[in-house]
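Remarks on the structure that follows.
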Amino acid sequence: MDGNGRWATARHLPRVAGHSRGVDAVRHAIEACGRRGVQYLTLFAFSSENWTRPQDEVSTLMRLFVNALEKEVDKLNESGVRLRVVGEMNAFDAGLQALIVDAQRRTAANDRLNLTVCASYGGRWDITQAVRALLREDPTLGAHPERIDEKLLASHLALAFAPEPDLLIRTGGERRVSNFLLWQLAYSELYFSDLLWPDFDATALDAALAWFATRERRFGRTSAQVALAG
Ligand code: FPP
């Protein structure tokens, strides 16, 4: 969800005003995905590296996060949305951690749309925590590394509950992955939009989905093999 700061700066507003509009765009994206039958929507809200931003911007983002959890969970519940937050939870203050735990518990029975907010998250963090979790669970693995395979490692990733993404959308004109879902993006289709995140609306989402529908997904096979498999 890139481009909030530039959206605000272009209007001579403080960057944090862009983040506020970014939350509105999040709401619209959730509604639009719900209506289109998307089952998993994963949002990159705050990276491991975003902690290095100016203190007032970090505080504003945390306040927006708290507000959203306090105000939006009832609506998520009514819409059948299950919320999960993935990332280094210990980095958040105790109040925010408690809100996250509560929101996850309250929405746990929903299954219309699985909404995951990645916050204090990095793909490298996730792979590292998965290796640690593996070894904590079975300390003998260190002496038998051949027992570690991709399936075992993947099952310890923080996003193990979700399928790998079909489509990654990055807004804001940059063409990079920026430490998002490094493991899971191996075969995702990558879509880059020049729109700034607050301007990314249902029409823009439909353009991304239409582009996705034109892609041939080969997963390492040849075109002829894909055609044969139907
Ligand atoms: C990137 O734009 C955006 C962020 C670092 C924050 C995204 C957060 C939200 C949309 C709000 C919080 C989310 C939830 C789910 C409550 P940028 O600041 O890097 O923009 P720039 O590249 O224009 O500077």
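The values are calculated or read from the model by the stated rules, or taken from the named source; none is laboratory data. What you see is a predicted model, and the numbers here were worked out from it, not measured in a lab. Reconstructed Cβ throughout: ideal geometry from the backbone, glycine too, with neighbour counts over all protein chains shown. The area values use the complete protein model at the heavy-atom level, side chains included, leaving out ligands, DNA and RNA. Shrake-Rupley method; radii C 1.70, N 1.55, O 1.52, S 1.80 Å.
Descriptive notes on the structure:
- D_trans [Stokes-Einstein, Kirkwood Rh over alpha-carbon pairs] for the range 37-102, 10 °C, 1.306 mPa s, µm² s⁻¹: 120 µm²/s
- Selected from L195, T128, S155, residue furthest toward positive end of dipole (the chain; charges at beta carbon): L195
- Kirkwood Rh in Å, taken over all unlike Cα pairs in the range 17-70: 12.5 Å
- Dipole moment magnitude, nearest 20 debye, the range 130-230 about Cα centre, only Lys, Arg, Asp, Glu C-beta charged: 300 debye
- Taking one quarter of the surface of the C-alpha convex hull of the range 180-223 gives a mean projected area of 4.0 nm².
- Estimated inter-spin distance, R215 and R176, nm [label 7 Å along Cα→Cβ]: 2.1 nm
- Assigned charges on the beta-carbon of Lys, Arg, Asp, Glu; the chain dipole about Cα centre (debye): 200 debye
- Selected from V85, L96, V58, residue furthest toward positive end of dipole (the range 55-104; charges at beta carbon): V85
- Springs between Cα atoms under 10 Å define the GNM used for the chain, and in it the highest mean-square fluctuation of G37, G122, G172 occurs at G37.
- Top of V85, V101, V26 by mean-square fluctuation, Gaussian network on the chain, Cα under 10 Å: V101
- Virtual spin-label span in nm between E70 and F192, 7 Å along Cα→Cβ: 3.9 nm
- Accessible area per residue in Å² at 1.4 Å probe, computed on the range 70-157: 57 Å²
- Spin-label model distance (nm) - E88 vs L153, 7 Å beyond Cα toward Cβ: 2.0 nm
- Among G95, G123, G34, the largest mean-square fluctuation in a Gaussian network model of the chain, built with springs joining Cα atoms closer than 10 Å, belongs to G95.
- Alpha-carbon Rg with Dmax, taken over the chain, Å: 18.8, 59
- Taking N as its residue count, the alpha carbon Rg of the range 126-171 over 2.2 N^0.38 Å: 1.38
- Carbon-plus-sulfur accessible fraction, the range 68-216 (probe radius 1.4 Å, protein heavy atoms only): 52%.
- Hydrodynamic radius by Kirkwood, which averages 1/r over all alpha carbon pairs of the range 68-123, in angstrom: 11.5 Å
- Placing +1 on each Lys and Arg Cβ and -1 on each Asp and Glu Cβ, with no other charges, gives the range 18-61 a dipole about its Cα centre of roughly 260 debye.
- log₁₀ of I(q)/I(0) at q = 0.12, 0.14, 0.22, 0.26 Å⁻¹ - the range 125-201, Debye sum with one point per alpha carbon: -0.46, -0.58, -0.99, -1.19
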